[in-house]
Amino acid sequence: MVPPVTPCTSNKPNSNNPTLRVNRLPTIDLIATGPTPTLRLRRLGAWLAEAGLICMSGLVPFGLGLAASRTPMTTVPLNPLLTSVQYRTADALQLPKSHLKTAVPPLTNLMWTVGLLAPMGVMGWQSMRLLRTGQTLPKAWFKLRVESVQGQSLVWQTIVLRESARWGLPLAFTYGVGVASGVGLGPWLPAVAGLGYVGLGLTGLGRHNRTPWHDRLARTQVVGTRTEDVRQTYQVAPEDIFEPAPLALRPRFIQPMLYGAVAADDPATVSYEDSYEDGGLSSIVLSPPEMMAPPVLPQPVRRFPLRSLSLVGLGGLVVGGVWGTQTYIQAQVNQRMGDWQSDQQFLTAVQTLIATPENTSEYQAAILALARISDPRAVDYLADLLTQTGDPEILDTLQQALVSQGLAALPTLRQLSLTLSSDLALNPADPAGNIRRQQQATQQAMTKILHLHDGGLAGARFDKVDLGYEAAAPAPFRLNVTEIDAAGTQWRGTLLTQANLSGNRFADAGADGLWDTVDDTVSDFSGADLKEADLSRSNLRGAQFVRTSLLRVRLSHSDLRDADLSYSNLSSADLLEVNAAGSRWVEGKLVGADLTRANFEQADLTRAQLNRTAAVDTQWRQASLSETQWSGADLSGADFTNANLRQAALTESRLRDADLSGADLSNASLRETDLVGVTLTGTNLDGADFAGARFTEGAAIATNSFITEAEDVESANRLRGVDFSRAQNLDGEQLTYICSQGGIHPACRLQP
């Protein structure tokens, strides 16, 4: 309600001399709408509820699917939709490939698909509510409504524009930050996106009637539906309303409405003389700017030449159709002509080969002519010819012809190698030696392709190919490919015994330039036989060597960071100064391997066998070494800071001057271990077995007491504060040293 104004009298106006007299009146309360602080808080609450509703619709099914994936259920391949989304998400967040799932239980497949589609369904449902009622479900909870700035209902175009800006502007901001910084946001991407959403919401704070950017763009506003949301009082004097200037409150497009009855003469009056028979001023109602439509000015109507435009468009369609049809026909004619010419060349070369089998020079010329034909049948035909001859000259020519086909010949050569290996297995004697020569020609062809296509080998497959050294062969083949870029090549199950692959690059960081992300291009040697191969000085970062035979392999000075060598055999391998930080060696065999000055920081060697290894000055900081076997290993000067050595068997090993600060040695076996100069500060020794372990070089002096004395016990404080209370099988000499070094044990209280 508008408070009444004191009635005023009005004389009948004189048509020849209209006048307006304004006398001083008391201050009048004017009513206008505007967002109150409470309304702003409810807007924020509704936005958080909407975002939470959308997020929960996806997170709940995802959590249920994740729980199902941890149950012992039969797994199936991840469906293509989830695979694509998973890869793109991991690429955006710069996650490693180890985070990707390839096989999940059927229930997980279903729930994750629901979790992917549910947020879109919720957004569509809320948009339909917005179209029908102007309220999403959270806005109905908080008594809010979305309407146009004119107070009208929304149309679907406005809703699409508003919601696209509302959810898309922060994402555009995130993309802009990534582009401006020049690097991928990676794990920071959700935080930057969240900052964008918060910033978009803050644009609605500030001065009176200010709205967020997405509402301004769509010309909409969020208003409250409570009674108190539409009342706001301002104190305005009457003269400020009628006088043209100055104005205390003069919003744009204010349209005053004067109405009421005319009273009798009064000392304080406002007289308005006009042609009305009766009138007067009893109340003043001012609509606020945001509730008033601007005056609509007449616009000149421009008539578009529809007929001309239609004719031009129709003519363009006709011309474009004719040109497109002619281009397509010409392309088909050219393709058919090229195919016909290729067929003729192929047939001519084949006829020449058939007609001149005895003439070696013409036969070789026909082979080379066939290799120059861009026909996919040429590679298969050349491979067939290779299996039909044992002539060394012809084999060399066929090898050259296949190499000229480039990477396109690799699948055929791979299949040919598998066939020849099968033939050798069935006929190991091979009296004429033809099969071995054919196999050698195939191996040499693949070797040359590796050299010629240095840097462009990503995706090239050599799976299960025989490229190994065989001493019994008449002319043994040894693969020798060094100093090339072979990132992304596949060698699963390949025979590579005694191959020389030193100095090669088998990994690439990908487009983002960051290692250990999903776009890394790495090589896969899983299941391959690399006995006595040379991979020294090679970049094998992130490479796969699962269940690979690496017996006596040379990997010195190589980069094996983030590589996976689980369940592989590296007995007697040379790993001198190898960098294997973050790598996996679960249940691997490194018996007798040389690990001198190698870096295994944060590596996972759970249940690995490292008996009799030479691991002087190696780095094992924060490595997972639980249940490992180290019998007879030399670990002098090794750094095991914060490493996990639970239940590790270090029997008869040498840990002289090693640093075990903060390590977990609970239930570990240190029987007969050399611990001279070892540092155990902060180490967990619960249940550790020290039977026969030696802490000092000095000889013990026998006494009748429980505590024995030792000669020349140095005080280096390496054991200060270390709790040996729960350690097992400590003898008197050991306790004497422990107590002298500040160790903790109940027996130390008995020492004089």
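Among all positions in segment 624-645, there is no residue which is within 26 Å of Arg541 (Cβ to Cβ), open to solvent by 10 Å² or more (accessible area, probe 1.4 Å), more than 33 Å from the chain's Cα centre (by Cα) and among the charged types (D, E, K, R). The residues listed here are Ala369, Ala378, Ala383, Ala331; of these, the one that is modelled with pLDDT under 85 and touching a helix residue (DSSP H, G or I) at 6+ places or on another chain (Cβ under 7 Å) is Ala369.
Of Ala658, Ala614, all but one fail to be touching a residue at least 12 places away in the same chain (Cβ under 8 Å) and open to solvent by less than 30 Å² (accessible area, probe 1.4 Å); the exception is Ala658.
For Leu130, the conditions (1) under 34 Å from the mean Cα position of the chain (by Cα); (2) assigned to a helix (DSSP H, G or I); (3) surrounded by 17 or more Cβ atoms within 10 Å (Cβ to Cβ) are fulfilled apart from (1). Close contacts from segment 450-461, counting a first residue that is under 16 Å from Arg414 (Cβ atoms) and a second that is open to solvent by 60 Å² or more (accessible area, probe 1.4 Å) and among the charged types (D, E, K, R), with Cβ to Cβ under 9 Å and a gap of 6+ residues or different chains, come to Arg461/Arg492.
Each residue in segment 435-449 was checked for being in contact with a Ser or Thr (Cβ under 8 Å, 6 or more places away or on another chain) and touching a residue at least 40 places away in the same chain (Cβ under 8 Å), and 2 of them qualify.
Before we move on, is Thr606 under 30 Å from Asp731 (Cα atoms) and either outside any strand (DSSP E or B) or open to solvent by 40 Å² or more (accessible area, probe 1.4 Å) (or both)?
On the way: under 30 Å from Asp731 (Cα atoms): no; either outside any strand (DSSP E or B) or open to solvent by 40 Å² or more (accessible area, probe 1.4 Å) (or both): yes.
Against the criterion (under 30 Å from Asp731 (Cα atoms) and either outside any strand (DSSP E or B) or open to solvent by 40 Å² or more (accessible area, probe 1.4 Å) (or both)), Thr606 does not qualify.
Yes or no, residue by residue, for (1) under 19 Å from Tyr567 (Cβ atoms); (2) buried (at least 24 other Cβ atoms within 10 Å of the Cβ); (3) more than 31 Å from the chain's Cα centre (by Cα):
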position: Thr497; (1), (2), (3): no, no, yes
position: Asn500; (1), (2), (3): no, no, yes
position: Phe506; (1), (2), (3): no, yes, no
position: Gly513; (1), (2), (3): no, no, no
position: Ser526; (1), (2), (3): yes, no, no
position: Asp529; (1), (2), (3): yes, no, yes
position: Arg537; (1), (2), (3): no, no, no
position: Gly542; (1), (2), (3): yes, yes, no
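Is it true that some residue in segment 637-653 is among the aliphatic types (A, V, I, L, M), at pLDDT 95 or above and in a strand (DSSP E or B)? Yes: one or more hits. Could you tell me whether segment 70-93 includes any residue that is among the aliphatic types (A, V, I, L, M), within 22 Å of the chain's Cα centre (by Cα) and not in a helix (DSSP H, G or I)? Yes, that holds for at least one residue. Looking only at residues in segment 80-99 that are at pLDDT 85 or above and buried (at least 16 other Cβ atoms within 10 Å of the Cβ), the one that is nearest to Val518 (Cα to Cα) is Gln86.
Are any residues in segment 151-178 outside any helix (DSSP H, G or I) and among the polar types (S, T, N, Q), and if so, which ones? It would help to see each step written out before you state the result.
Quick first cut of segment 151-178, residues outside any helix (DSSP H, G or I) only: 151-155.
Within segment 151-178, Gln152, Ser153 meet the criteria.
Among the residues in segment 426-434, are any polar (S, T, N, Q), closer than 19 Å to Phe462 by Cβ, without any contact (Cβ under 8 Å) to a residue 40 or more places away in the chain and touching a helix residue (DSSP H, G or I) at 6+ places or on another chain (Cβ under 9 Å)? No, every residue in segment 426-434 fails to be polar (S, T, N, Q), closer than 19 Å to Phe462 by Cβ, without any contact (Cβ under 8 Å) to a residue 40 or more places away in the chain and touching a helix residue (DSSP H, G or I) at 6+ places or on another chain (Cβ under 9 Å).
Collect the residues in segment 470-494 that are over 24 Å from Gly433 (Cβ atoms), in a loop (DSSP other than H, G, I, E, B) and either of a type outside the set (A, V, I, L, M) or in contact with a helix residue (DSSP H, G or I) (Cβ under 9 Å, 6 or more places away or on another chain) (or both), keeping them in residue-number order. Write out each step before concluding.
Of segment 470-494, the ones over 24 Å from Gly433 (Cβ atoms) are 481-493.
Restricting the remaining residues to those that are in a loop (DSSP other than H, G, I, E, B) gives 481-484, 486-489, 491-493.
Correct list: Val481, Thr482, Glu483, Ile484, Ala486, Gly488, Thr489, Trp491, Arg492, Gly493.
Among the listed residues Asp454, Asp391, Asp430, Asp384, which satisfies the condition of being under 41 Å from the mean Cα position of the chain (by Cα), open to solvent by 10 Å² or more (accessible area, probe 1.4 Å) and among the acidic types (Asp, Glu)? Spell out how you get there, then give the answer.
Numbers: Asp391 fails: under 41 Å from the mean Cα position of the chain (by Cα); Asp430 fails: under 41 Å from the mean Cα position of the chain (by Cα); Asp384 fails: under 41 Å from the mean Cα position of the chain (by Cα).
Matching residue, one of Asp454, Asp391, Asp430, Asp384: Asp454.
The values are calculated or read from the model by the stated rules, or taken from the named source; none is laboratory data. Just so we're clear, the structure is a prediction, and the values are computed from it rather than from any experiment. In this analysis, Cβ positions are derived from the backbone assuming ideal geometry, glycine residues included, and neighbour counts consider all displayed protein chains. The accessibility values were calculated without ligands, DNA or RNA, using every heavy atom of the protein model including side chains. Shrake-Rupley method; radii C 1.70, N 1.55, O 1.52, S 1.80 Å.
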